[in-house]
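Visitor: Before anything else, here's the structure in question.
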Amino acid sequence: MVSEKYLRLLNWLFELLKGALLILILGLFVHYFIFTIFIVDGSSMEPSFKDGQYLIVNRLAYLFEKPKRGDVVILRFPGREKEKYIKRVIGLPNETVEIKDGSVFINGAKLNETYLKFQTQTEPALTETLSENEYFLLGDNRANSNDSRIWGNCPKENIIGKPVFILYPLSDWGPVSLLF
């Protein structure tokens, strides 16, 4: 005959496992559909974001609205979707992006990029016309960024979401919106 203490222990373990399973399922749901964490790797977005920062990314940000020019986005690298990058939206669908004389032009008008360090030059010269579902993305540290100038335009479906909060390092802790 099984003792009452043993049955209580089994019941307690069963309840503990149910709770742990529920937490795991909820955590996975949140991670894959609502928020995720992204770790900045490299200096391509300096001075806005630094190597080693941990960011909370809102996966729902572009569910009902489209990315806007100037938004910082987390994306799956086109062609190698397991790699994730952080870049800034420069060109929107159906626009023509031109880089000439060290500056960016959208449909012939020079883009005012207040988030760049003073006198940042954008090279090389190029002209790119985006399709209905493409975005042109650049890093803020133009001299050290692997972006649309190299790998081409980014399809909308590769955009994961928008960083909303810096978790780490604690000296940078806070909402991303305060940076811009």
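Visitor: Only one of these conditions is not met by Lys162: (1) part of a strand (DSSP E or B); (2) basic (Lys, Arg); (3) more than 14 Å from the chain's Cα centre (by Cα). Which number is it?
Guide: Evaluating Lys162 over (1) part of a strand (DSSP E or B); (2) basic (Lys, Arg); (3) more than 14 Å from the chain's Cα centre (by Cα) leaves (3) as the failure.
Visitor: If you take the residues of the range 42-84 that are part of a strand (DSSP E or B) and of a type in the set (Asp, Glu), which of them is modelled with the lowest pLDDT?
Guide: If we filter the range 42-84 for residues that are part of a strand (DSSP E or B), which is where we start, we get 54-58, 72-77, 80-84.
Filter again for of a type in the set (Asp, Glu), leaving 81, 83.
On the way: Glu81: 76, Glu83: 89.
Within the range 42-84, the match that is modelled with the lowest pLDDT is Glu81.
Visitor: Limited to the range 13-64, what total is found for residues that are out of contact with any helix residue (DSSP H, G or I) (no Cβ under 9 Å at 6 or more places or on another chain), under 23 Å from Glu83 (Cβ atoms) and among the small types (Gly, Ala, Ser)?
Guide: 2
Visitor: Can you tell me which residue in the range 18-58 is nearest to Tyr168 (Cα to Cα), limited to those that are touching a strand residue (DSSP E or B) at 6+ places or on another chain (Cβ under 9 Å) and hydroxyl-bearing (Ser, Thr, Tyr)?
Guide: Result: Tyr54.
Visitor: I need a count of the residues in the range 1-41 that are of a type in the set (Asp, Glu) and either within 16 Å of Pro163 (Cα to Cα) or modelled with pLDDT of 90 or more (or both). Give the derivation first.
Guide: Going through the range 1-41, the residues of a type in the set (Asp, Glu) turn out to be 4, 15, 41.
When the remaining residues are screened for being either within 16 Å of Pro163 (Cα to Cα) or modelled with pLDDT of 90 or more (or both), the result is 15, 41.
Of the residues in the range 1-41, 2 are of a type in the set (Asp, Glu) and either within 16 Å of Pro163 (Cα to Cα) or modelled with pLDDT of 90 or more (or both).
Visitor: Within the range 101-120, how many residues are at pLDDT 95 or above and basic (Lys, Arg)?
Guide: Qualifying residue count, the range 101-120: 1.
Visitor: I'd like the full set of residues that are surrounded by 15 or more Cβ atoms within 10 Å (Cβ to Cβ) and either closer than 30 Å to Ile37 by Cα or not assigned by TED's automatic domain parsing to the domain that holds Ile166 (or both), limited to the range 78-99. Quick ask: steps written out before the conclusion?
Guide: Kept after step one, since they are surrounded by 15 or more Cβ atoms within 10 Å (Cβ to Cβ), are these residues of the range 78-99: 78, 84-93, 95, 97-99.
The answer is Pro78, Lys84, Tyr85, Ile86, Lys87, Arg88, Val89, Ile90, Gly91, Leu92, Pro93.
Visitor: Looking only at residues that are acidic (Asp, Glu) and assigned to a strand (DSSP E or B) in the range 100-148, which one is surrounded by the fewest Cβ atoms within 10 Å (Cβ to Cβ)?
Guide: Applying the filter and picking the extreme gives Glu128.
The values are calculated or read from the model by the stated rules, or taken from the named source; none is laboratory data. Predicted, not measured: the structure shown is a model, and the values here were computed from it. Using ideal geometry, Cβ is built from the backbone for each residue, glycine included, and neighbour counts are taken over all protein chains shown.
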